[in-house]
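K.L.:
Take this structure, written in structure tokens, and hold onto it; I'll ask about it next.
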Amino acid sequence: MLQLNGVTKKFGGLIAVNAVDLQVNEGEILGLVGPNGAGKTTLFNLISGIYRPDKGRIRYRGEDISRLSMDRICRKGIAKTFQHTLSFPGLTARESVMIGALFGNGRRRSMEEASREAADLLDRIGFPPDRIDMPLSNQNVIDLRRTQLARALASRPKILLLDEMMTGLNPSEGTEAVALIRSLRDEGLTIVMIEHVMRVILGVSDRMVVLDRGEKIADGPPAVVMQNQRVIDSYLGERYT
């Protein structure tokens, strides 16, 4: 479904992503992990069109999307959430999600249709109905995460890139988020997620890919990757031996 071949990105003398090959299969949940600075978010930004690779190719359903803009990639079916939660702080939750509905996939909608779709999506992911028309600047972390997710879903993606969705959530909220991710996959979404909460990645991923210093060092079922000595040395630490 999505294929990266030899993808490299440099920032001055820093090689953030180095000749990465990656295959994302339709219908899977792929966990992307690694230490801070490993290149995970940069890789997401390359896939979603925020950055363009210096070398290599990114193909989606056989089409080279390496040079496409972020909005064109989104309209083709790849949506991304961000680590920072407070995008559009002056908008309400409903208005924020309407942006995805109005501009995310090229389908024309009226403001009324976009408003209804935003409300339906926010309800679908458990957003409190009494807070839907409150400004994002007055929302808590879990509801900001929900808003981001709903805005991405409003573009009707085929692949969803989740960048540290669990950050700031308590264990109960994290459990709810995992159940939601599984339900989205069951509805046909392919999901790639960056996450540092290992119990989440191990519990929800069909496959794990590990990056370290911009290079892919492991790729396989979570149980196998967890036993990889290079992964233990560079990321997991001795508690996983």
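The values are calculated or read from the model by the stated rules, or taken from the named source; none is laboratory data. Small disclaimer: the values here were computed from a predicted structure and weren't measured. All Cβ positions, glycine included, derive from the backbone under ideal geometry; neighbour counts span all protein chains shown.
K.L.:
Could you go through segment 65-77 and let me know if any residue there is hydroxyl-bearing (Ser, Thr, Tyr), modelled with pLDDT of 90 or more and assigned to a loop (DSSP other than H, G, I, E, B).
P.N.:
Yes, some residue in segment 65-77 is hydroxyl-bearing (Ser, Thr, Tyr), modelled with pLDDT of 90 or more and assigned to a loop (DSSP other than H, G, I, E, B).
K.L.:
Is it the case that SER87 is of a type in the set (S, T, N, Q), part of a helix (DSSP H, G or I) and touching a residue at least 12 places away in the same chain (Cβ under 8 Å)?
P.N.:
no
K.L.:
Still on this model: Take THR190 and tell me if it is modelled with pLDDT of 90 or more and out of contact with any helix residue (DSSP H, G or I) (no Cβ under 7 Å at 6 or more places or on another chain).
P.N.:
Criteria met by THR190.
K.L.:
When you check PHE82 against the structure, is it among the hydrophobic types (A, V, I, L, M, F, W, C), at pLDDT below 90 and either surrounded by fewer than 19 Cβ atoms within 10 Å (Cβ to Cβ) or not in a helix (DSSP H, G or I) (or both), yes or no?
P.N.:
Yes.
K.L.:
Could I ask something else about it? Looking at VAL20, VAL33, VAL24, which one is surrounded by 14 or more Cβ atoms within 10 Å (Cβ to Cβ), assigned by TED's automatic domain parsing to the domain that holds LYS216 and over 16 Å from the mean Cα position of the chain (by Cα)?
P.N.:
VAL20
K.L.:
Another question, if that's okay. So, in segment 188-211, of the ones that are under 14 Å from the mean Cα position of the chain (by Cα) and assigned to a loop (DSSP other than H, G, I, E, B), which residue ends up nearest to PHE82 (Cα to Cα)?
P.N.:
So the residue we want is GLU195.
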